[in-house]
Amino acid sequence: MTTEWNIEYDIEKISFNNPVLIEGLPGIANVGKIAVDFLVEDLKAKKLCSFYYYSFPHSVFVNENNLVEMPKIELYYKKFRKVNGRKKRDLLLLTGDVQPIDEKSCHSFSEEVMKICKRFNCSEVITTGGIGLQSIPEKPKIYCTANNKDFLKQFDKKNLKVNTKIFGVVGPIMGASGVLVGLSSRYNINSAAILAETFGSQMYLGIKGSKEILQVLDKKYKIGIDLKKLGK
């Protein structure tokens, strides 16, 4: 039995313009996954590669065609064209059906992602997730932490409406959303976690929190998304 990740590339040779990786895997109320899935759909992003691992959950999913699919994690990309002689930064979008299910696979997965970031010259990694509350927040607050002070200051701006005073608000940031931010320092990559308040129930979908995260990402990176589609 192998312990290595199987990474299947849809495209091997490609270059990007100073890309930013944005992660959104399943978690509290799935706020991060909903946000990144929306980016993939709204931007019509293309798949770069898929990740498979022997310790994924022992289950399959039934898709919209009523057929079974193995659980997977996928990395998408969006390359932007020049507008008025200027080009927006390209995006790498990490989403999937599952998170790595144990500590070892989470760390090994995060290492593989960071190697891909170095390969394509990513200068920033953004992870997304939720802060579980005991009730549904009317207007979810957004918090941010980062792997260095200078990068954190970039989110401490009035137009972003992000609270960077996060100590005591959130406990350990679990899963890839936390480990990727921690590992980024080893690869000399700026990284931040953007977290939205949400209802901490397994049956709740944190669309309100996802929208707040998307607004921050859209303002920070000038992506140009239509948030009116999110409700649909």
Mean shadow of the stretch 144-232, computed from the convex hull of its alpha carbons, in nm²?
6.9 nm²
Would you mind telling me which residue in Gly132, Gly171, Gly206 has the biggest mean-square fluctuation in a Gaussian network model of the chain, where springs connect alpha carbons within a distance under 10 angstrom?
Gly171
The set of residues whose placed amide H lies less than 5 Å from the amide H of Thr128, leaving out same-chain residues fewer than 5 positions away, is Glu23, Leu25, Ile194
Non-local amide H neighbours of Gly96 (under 5 Å, H modeled in plane, Pro and chain starts lacking H): which ones?
Glu74
Would you check the accessible area of Thr145, probe 1.4 Å, heavy atoms only, in square angstrom rounded to 10?
40 Å²
Choose one answer from Glu212, Glu41, Glu124: the residue with the largest mean-square fluctuation in a GNM of the chain with alpha-carbon springs under 10 Å.
Glu41
For the stretch 42-86, what does the convex hull of the Cα positions come to per residue, in cubic angstrom?
101 Å³
Pick out the long, greasy-scoring helices in the chain: whole DSSP H runs spanning 30 Å or more along their own axis by Cα, mean Kyte-Doolittle at least -1.0.
none
Which values, in whole Å and largest first, are the semi-axes of the equivalent ellipsoid of the chain obtained as the square root of 5 times each eigenvalue of the Cα gyration tensor?
24, 22, 19
Compare Ile126, Ile213, Ile173 in a GNM of the chain, Cα atoms joined below 10 Å, and give the one with the largest fluctuation.
Ile173
Expressed in whole Å with the largest first, what are the equivalent ellipsoid semi-axes of the stretch 54-123 derived from the C-alpha gyration tensor as the square root of 5 times each eigenvalue?
30, 19, 6
Linear extension gain, Asn188 paired with Asp150, 0.36 nm per residue minus alpha-carbon span:
12.4 nm
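Quote the charge dipole size of the chain about the Cα centre in Debye, to the nearest 20; the model charges only the Cβ of Lys and Arg (+1) and of Asp and Glu (-1).
My answer is approximately 1480 debye.
The values are calculated or read from the model by the stated rules, or taken from the named source; none is laboratory data. Since the model is a prediction, treat every value here as computed from it, not as a measurement. We place every Cβ from the backbone using ideal geometry, glycine too, and count neighbours over all the protein chains shown. Just the protein is used for accessible areas: all its heavy atoms, side chains included, with ligands, DNA and RNA removed. Shrake-Rupley method; radii C 1.70, N 1.55, O 1.52, S 1.80 Å.
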